[in-house]
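After the structure tokens below, expect a handful of questions from me.
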Amino acid sequence: MSLTSSSPTPRGRRRVRASVAAVATVGLAATGVIAFSGTARAADTLGAAAAESGRYFGTAIGPHLLGEADYAATLNQEFNSVVAENDMKWDATEPSQGQFNFSGGDRLVEHAQSQGMEVRGHTLVWHAQQPGWVQGLTGDSLRQAMLDHIDGVAGHFAGQIDSWDVVNEAFEWDGSRRQSNLQQQLGDGWIEEAFRAADAADPDATLCYNDYGTDGINAKSDGIYRMVEDFLARGVPIDCVGFQSHLDSNSDLSSYQQNLQRFADLGVEVQITELDIGGSGSAQANAYRTVTEACVAVQGCAGITIWGFTDKYSWRADDTPLLFDTNYQKKEAYGAVLDALNAAAPAGDGDQEDGTASSYLPAAWREGTSTHRAT
Ligand code: G2I
């Protein structure tokens, strides 16, 4: 079921914000709020602080780590959104053709629901972490395998995922298409085929294109921008662009916010999807602050996900890129992010009829003039 252009806001987004509002209330009640500046209030966890401006603050997790007490306690205390670091990828979910394994993903969803957290889905189609049987396919066999995979995975989790990374990392640095097996075998149309299949399998999810190296206005983000513009013009069901943001303390962030804004201005939601920043101390904290401030300054930025939360389990094994150290102690960067979230303008203007906040929505959605998903 596709939404028509007369729908003021797609159902999926309303559901997302209702969930965040509920978490905000729980979070504030559980942790207490600190009054300051007379009228404003500051929350003392990342999720509760983000929720005050209608946003989420999430983390990638390994569901197999939920049994570790400190890991689960920190997760439950701080975050109102989760994504699987590996467990919803193609190799994990369909190791043999047509034989699906949802054990890790189901465990994640169950945990998220028990804690009132949103769930991001990562990722339906990617050139990496394809099971061996996919790598040998050609032509229409590969096309059908991709469509069946999307139908199987997005269909299984339908109604439980707030945003799906439908396609991951399909562009080169110069803004051209990555010459993956998908691109070479299926041609330029494969990305829109994937989005249409995801829309059919889970009509309520926010459908994202996700990539790295898009941390400013550059050739790669220009290429993605042109694709999104074309998809929106032709009614291809894309709702969102994810900016992974694997960064270092000295990364050039001079056009980071401007880049988010130009995508939001197109009429898609923007999300920071895999944030981690190498380094330590105040240099690292300042870079985290800059990224967080950019998201909260852009009305269409729905939230931030960090790619793991404790340095104990970062994929960047030789670095310390996350907000908690290996002993689950808050780092300087944690304080910088919390402060930036708390400094955001509160949700309020443009609340929807059901009372949930919609201040993150691009103007075109609030005014009902968006043409995306108009097929
Ligand atoms: O590379 C960082 C991220 C870039 N964007 C897409 C993300 O999906 C990607 O995540 C990383 C995970 O953090 C790693 O944990 O993706 C890697 C695979 O490309 C993940 O690494 C893999 C190892 O390569 C495997 O050897 C291992 O079996 O993790 C697997 C599960 O632990």
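Is it the case that the stretch 271-283 has a residue that's of a type in the set (Val, Ile, Thr), part of a helix (DSSP H, G or I) and more than 13 Å from the ligand (Cβ to nearest atom)? Walk me through how you get there before you give the answer.
The initial filter retains those residues of the stretch 271-283 that are of a type in the set (Val, Ile, Thr), namely 272-273, 277.
With part of a helix (DSSP H, G or I) added as a condition, the list becomes none.
No.
If you scan the stretch 99-128, which residues turn out to be away from the ligand (no atom under 14 Å from the Cβ), crowded, with 16+ Cβ neighbours inside 10 Å and among the polar types (S, T, N, Q)?
Gln115
Mind listing whichever residues of the stretch 74-89 are more than 15 Å from the ligand (Cβ to nearest atom) and either open to solvent by less than 50 Å² (accessible area, probe 1.4 Å) or closer than 16 Å to Glu110 by Cα (or both)? First the steps, then the outcome.
First pass over the stretch 74-89, keeping only residues more than 15 Å from the ligand (Cβ to nearest atom): 74-81.
Residues satisfying the conditions are Thr74, Leu75, Asn76, Glu78, Phe79, Asn80, Ser81.
Yes or no: the stretch 275-284 includes at least one residue that is buried (at least 24 other Cβ atoms within 10 Å of the Cβ), touching a residue at least 12 places away in the same chain (Cβ under 8 Å) and in contact with a Gly (Cβ under 6 Å, 6 or more places away or on another chain).
Within the stretch 275-284, none of the residues are buried (at least 24 other Cβ atoms within 10 Å of the Cβ), touching a residue at least 12 places away in the same chain (Cβ under 8 Å) and in contact with a Gly (Cβ under 6 Å, 6 or more places away or on another chain).
Quick one: is Asp215 of a type in the set (D, E, K, R) and away from the ligand (no atom under 14 Å from the Cβ)?
no
Starting from the stretch 127-149, take each residue that is of a type outside the set (A, V, I, L, M) and list its partners that are in a helix (DSSP H, G or I) and modelled with pLDDT under 95, counting only C-beta distances under 6 angstrom and pairs at least six apart or across chains.
Cβ pairs passing all conditions: none.
What's the number of the only condition in (1) more than 30 Å from Ile191 (Cβ to Cβ); (2) at pLDDT 95 or above; (3) buried (at least 18 other Cβ atoms within 10 Å of the Cβ) that His64 fails to meet?
Unmet condition: (3).
Given the structure, is Ile224 over 18 Å from Gln299 (Cβ atoms) and within 16 Å of the ligand (Cβ to nearest atom)?
yes
Sticking with this one: For the stretch 300-336, which positions are among the β-branched types (Val, Ile, Thr) and within 25 Å of Gln258 (Cβ to Cβ)?
Ile304, Thr305, Ile306, listed by residue number.
Also, quick follow-up: For the stretch 41-78, how many residues meet the condition of being closer than 17 Å to Ser314 by Cα and assigned to a loop (DSSP other than H, G, I, E, B)?
Result for the stretch 41-78: 3.
I've got another one for you. Which numbered condition in (1) open to solvent by less than 10 Å² (accessible area, probe 1.4 Å); (2) within 16 Å of the ligand (Cβ to nearest atom) is the only one that Ala317 fails?
Single failed check for Ala317: (1).
Which one of these does Ser96 not meet: (1) away from the ligand (no atom under 15 Å from the Cβ); (2) within 21 Å of Gly308 (Cα to Cα); (3) open to solvent by 50 Å² or more (accessible area, probe 1.4 Å)?
(2)
I'd like to verify a number: residues in the stretch 129-159 that are open to solvent by less than 60 Å² (accessible area, probe 1.4 Å), out of contact with any strand residue (DSSP E or B) (no Cβ under 8 Å at 6 or more places or on another chain), within 16 Å of the ligand (Cβ to nearest atom) and outside any helix (DSSP H, G or I), how many?
Going through the stretch 129-159 one residue at a time, the tally reaches 1.
Kindly establish whether Asn210 is within 16 Å of the ligand (Cβ to nearest atom) and touching a strand residue (DSSP E or B) at 6+ places or on another chain (Cβ under 9 Å). Outline the logic, then answer.
Working: within 16 Å of the ligand (Cβ to nearest atom): yes; touching a strand residue (DSSP E or B) at 6+ places or on another chain (Cβ under 9 Å): yes.
Considered against the rule, which asks whether it is within 16 Å of the ligand (Cβ to nearest atom) and touching a strand residue (DSSP E or B) at 6+ places or on another chain (Cβ under 9 Å), Asn210 comes out as yes.
The values are calculated or read from the model by the stated rules, or taken from the named source; none is laboratory data. Remember, it's a predicted structure, so these values are computed and weren't measured experimentally. When we count neighbours, we look across all protein chains shown, and the Cβ atoms used for this are built from the backbone with ideal geometry, even at glycine. Accessible surface is based on the protein model in full, side chains and every heavy atom, while ligands, DNA and RNA are left aside. Shrake-Rupley method; radii C 1.70, N 1.55, O 1.52, S 1.80 Å.
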